[in-house]
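Below you'll find the structure, written out as structure tokens, and then a few comments.
The values are calculated or read from the model by the stated rules, or taken from the named source; none is laboratory data. None of these values were measured; they are calculated from a predicted model. Note: ideal-geometry Cβ built from the backbone for every residue, glycine included; neighbour counts use all protein chains shown. What goes into the accessible areas is simple: the full protein's heavy atoms, side chains included, and nothing from ligands, DNA or RNA. Shrake-Rupley method; radii C 1.70, N 1.55, O 1.52, S 1.80 Å.
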Amino acid sequence: MDTSKLRINGARLRASLEEMAKIGGTPAGGVQRLALSDEDRRARDLFVKWLKEIELDVSVDEMGCIFGRRAGRNASLTPVMSGSHVDSQPRGGRFDGILGVMGTLEVMRTLHENKVQTERPMIIVDWTNEEGSRFAPAMVASGVWAGALKRDWVYDRADKDGKKQGDELVRIGYKGSVPCQKWPTYAYYEFHIEQGPMLERQKMTIGAPKGILCLHWYDVYLEGEANQVGPTPMEGRHDALVAAAEMILAVRALPGRVGGNMVATVGEIQNGPNSRNIIPDKVHFTVDIRSWDDDHAIKAWEQLKAEFQQIAGRHGTPVRIEETWRVGHQPFNEKLVQRVLDTAGELGYSKLHMVSGAGHDASYMNQVCPTAMIFVPSIGGRSHVEVERTTWEDCEAGANVLLHCLLKTANEK
Ligand code: GLV
Ligand code: MN
Ligand code: MN
């Protein structure tokens, strides 16, 4: 059959996204499906049911990744993969991750009902714990699969209640038996919302990132001296929270001070004992630094670390720093990126060559095989929040670009 006229079913894609948005749906219209929570399990169960309905060969690996394989005409050719994640941020959005999973499912459904055979096998994937907000770091399953992270280290990472990631995989019934290990892969695509303002500002429908910024995560622990706030004079205090406040301002000032392309954020903090009438003695906060230039980000971090030591010394609050995670910046495969741009043009959509500031499993997949992403606009540039939205038309457009990129790639011999 001539597949050039083939289009996905936008109404069915919308219905699947709306069905998924009910799982962990929040009153303000977002979703909360933290990695390996009961909500994550329910979304997985529904996903697996939908994969089986279109006769995909379903498997689950020891990191809980779910794969659905569609046979190609030639079983000896390496597969083309596409997917994203079903987990979300706390009070997160209803498009981040799930759009790429439901978009790929919609492509598979379209191929199934039209009895389209591709040369190469195609594999849809849901990667476990992309977000990294319950168990840090992020993108752990694609990281293990790609050989960049150690499986047992990831199993041992605990959430704030001390629950370990490996145990939670067992609890929700998704610790599979297939080794989490890369296999020869022809190409990987990930369809995602932009999560930033560029496409909307430039009135473009499809984004083709040339790559993803580096992601560097640090954990900072401060030790102060707790005491009664009333009788303790201001001089001579060792207030861990005040020291942390100075450090946080130093993080905020860092990109402006070092220049170049960089963002730096403190997004999470725990203060102990967290009582209004006790001087804080235990503080933990996180630092996230991103740039297209890995060396620049590392040099900036070294400066920041020295500043942290100096602040801690001044306050008499010893500081311990964990360099938790680093993923280098990833330039995507130029041929595949061009394919996304060309395909968008052929389908009549406006398109933008850009950069991804958000992290994606595509960062690790890019270390294994040729990789590219397809972005669609985020309304108001808002993401990781309950008001995160993308128009249904743009979801459909992105899924059509995905369909034709996948068809072209999966038909290469
Ligand atoms: C992933 O969601 C990120 O932190 O960019
Ligand atoms: Mn995502
Ligand atoms: Mn996210």
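Across the range 365-413, the number of residues qualifying as under 19 Å from the mean Cα position of the chain (by Cα), open to solvent by 10 Å² or more (accessible area, probe 1.4 Å) and either farther than 17 Å from Phe332 by Cβ or of a type in the set (Gly, Ala, Ser) (or both) comes to 10. Being among the charged types (D, E, K, R) and part of a loop (DSSP other than H, G, I, E, B): is that true of Asp96 here? For Asp96, the condition - among the charged types (D, E, K, R) and part of a loop (DSSP other than H, G, I, E, B) - is met.
Looking only at the range 333-364, filter to residues that are assigned to a loop (DSSP other than H, G, I, E, B) and within 16 Å of ligand 2 (Cβ to nearest atom); which one of those is farthest from the chain's Cα centre (by Cα)? The extreme case among them is Gly357.
Taken over the range 207-229, the criterion of being outside any strand (DSSP E or B) and under 17 Å from the mean Cα position of the chain (by Cα) is satisfied by Leu213 alone.
Filter the range 80-95 for residues that are out of contact with any helix residue (DSSP H, G or I) (no Cβ under 6 Å at 6 or more places or on another chain) and open to solvent by less than 10 Å² (accessible area, probe 1.4 Å); which is farthest from ligand 2 (Cβ to nearest atom)? Result: Met81.
Of all residues in the range 171-185, those satisfying the criterion of being out of contact with any Leu (no Cβ under 7 Å at 6 or more places or on another chain) and either part of a loop (DSSP other than H, G, I, E, B) or open to solvent by less than 90 Å² (accessible area, probe 1.4 Å) (or both) are Gly173, Tyr174, Gly176, Ser177, Val178, Pro179, Cys180, Gln181, Lys182, Trp183, Pro184, Thr185. Every condition in (1) acidic (Asp, Glu); (2) away from ligand 3 (no atom under 16 Å from the Cβ); (3) surrounded by 22 or more Cβ atoms within 10 Å (Cβ to Cβ) holds for Glu194 except the one numbered (2). Taken over the range 219-253, the criterion of being under 13 Å from Arg320 (Cα atoms) and of a type in the set (D, E, K, R) is satisfied by Asp219, Glu223. The test for being under 12 Å from the mean Cα position of the chain (by Cα), touching a residue at least 12 places away in the same chain (Cβ under 8 Å), farther than 21 Å from Thr324 by Cα and part of a strand (DSSP E or B) holds for Gly83.
Restricting attention to the range 233-291, and to residues there that are of a type in the set (Ser, Thr, Tyr) and in contact with a strand residue (DSSP E or B) (Cβ under 8 Å, 6 or more places away or on another chain), which single residue is nearest to Arg314 (Cα to Cα)?
Our first condition is that a residue be of a type in the set (Ser, Thr, Tyr); within the range 233-291, this holds for 265, 275, 286, 291.
So of that shortlist, the ones also in contact with a strand residue (DSSP E or B) (Cβ under 8 Å, 6 or more places away or on another chain) come out as 265, 286, 291.
Values: Thr265: 23, Thr286: 21, Ser291: 30 Å.
Once the filter is applied, the top-ranked residue is Thr286.
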